[in-house]
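Only one structure is covered here, and it is reproduced in the block below.
All of the numbers you see were taken from the coordinates with simple rules; none came from a lab. None of the values given here were measured: they were computed from a predicted structure. Cβ atoms come from the backbone with ideal geometry, glycine included; neighbour counts cover every protein chain shown.
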Amino acid sequence: MKTTTMTLVAMFVALMVGLGWTLALVPNVEFITALAFTAGATLGPGLGAITAMTGMFFFSATNPVGSGLAFPILLAAQVISMGLVGLAGGWLRSKDPAELTAGLARFSLALTGLILTAIYDGLTSISFPLFAGAGGGEILTVLISGLAFTVIHQISNVLIFFLVVPRLIQVARRPRRPPSIEDSVELSGKSET
């Protein structure tokens, strides 16, 4: 794996954890899904999924509101769901990032965000009741009781996927030149003149 690729993986994982912590006290408004999707669109489906799963694992395990390690089945549902988000983002890798800011592309991304968030919410909402041996009626009660949070999560992610994700992908996939000796001279503040 190239150094640039490893750096991007580490950057996405760190951003997922850091932004997750930053918004931890805001119910169901998060940027982890958008970053996981962008990781896939930048790194490809396989590495995007692995990066998304790693970021979700570290965020959930270290969540300041409550560690996912206390509920392994919920943690597994979160990690698997976010892996699907990274995988889905990877399907965009061949698309020209400049096309993502067009109106139709933004609506497609918003719809994708809605679907992926619904899958995440569904899997995480039913994971614990299923693990606890709940029946169909009890699971339905859990889903209905969390409906307000689910709606907030889906609306916020639709807006994030519409407004922010196209630009995130463009910035993350911007061509970079390798560092040169001139860069180190510029950073040190010294000049040759």
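Label residue 3 and residue 132 with points 7 Å out from Cα along Cα→Cβ: what is the distance between them in nm?
5.1 nm
Compute the separation of the alpha-carbon centres of the range 114-128 and the range 18-41 and state it in Å as a whole number.
Centre-to-centre distance over Cα atoms comes out at 15 Å.
How much length, in nm to one decimal, is gained on full extension between residue 149 and residue 65, taken as 0.36 nm per residue of separation minus their Cα-Cα distance?
That works out to 28.6 nm of additional length.
Which Rg and Dmax, in Å, describe the Cα atoms of the range 1-97?
12.9, 42
So for 128, 31, fewest C-beta neighbours within 10 Å to most, what's the order?
The most exposed by this proxy come first: 128, 31.
Determine how many Å³ per residue the convex hull of the Cα atoms of the chain encloses. Before the final figure, lay out the partial values.
Values: hull volume 27.5 nm³, N = 193.
So the per-residue hull volume is 143 Å³.
So if I place +1 on the C-beta of Lys and Arg and -1 on the C-beta of Asp and Glu, and nothing else carries charge, what would the dipole magnitude of the range 86-181 be about its Cα centre? I want it in debye, nearest 20. Numbers along the way, then the final one.
On the way: 8 positive and 4 negative charges, 147 e Å.
Using Cβ point charges on Lys, Arg, Asp and Glu, the range 86-181 gives about 700 debye.
In the range 1-140, if the dipole is taken from +1 on Lys/Arg beta carbons and -1 on Asp/Glu beta carbons about the Cα centre, which of 56, 107, 12 is farthest to the positive end?
Projecting each Cα onto the dipole axis, the largest value belongs to 12.
Figure the gain on full extension for residue 140 and residue 102 (residue separation times 0.36 nm, minus the Cα-Cα span) and round it to one decimal in nm.
9.8 nm
Quick check for me: using +1 on Lys/Arg Cβ and -1 on Asp/Glu Cβ, what's the dipole size of the chain about its Cα centre, in debye to the nearest 20?
340 debye
Once every DSSP H run of n ≥ 4 in the chain is given -39500 (n - 2.57) and the sum is divided by its residues, what mean residue ellipticity at 222 nm do you get, rounded to the nearest 500 deg cm²/dmol?
Value at 222 nm, helices only: -24000 deg cm²/dmol.
Which one, 31, 69, 152, is farthest towards the positive end of the dipole of the chain when Lys and Arg carry +1 and Asp and Glu -1 on their Cβ?
Of the options given, the answer is 31.
Could you give each residue of the range 79-87 its phi-based ³J(HN,Hα) in whole Hz, using Karplus coefficients 6.51, -1.76, 1.60 with θ = phi - 60°, and x for Gly or Pro?
5, 5, 4, 5, x, 5, 5, x, 4
At q = 0.14, 0.15, 0.17, 0.23 Å⁻¹, what log₁₀ I(q)/I(0) does a Debye calculation on the Cα points of the range 45-101 give, no solvent, two decimals?
Summing over Cα pairs of the range 45-101 leads to -0.44, -0.48, -0.57, -0.80.
Using Cα pairs under 8 angstrom and six or more residues apart, how large is the relative contact order of the range 3-174, in percent? Please list the in-between numbers first.
Details: 266 pairs, mean separation 45.5, N = 172.
26 percent.
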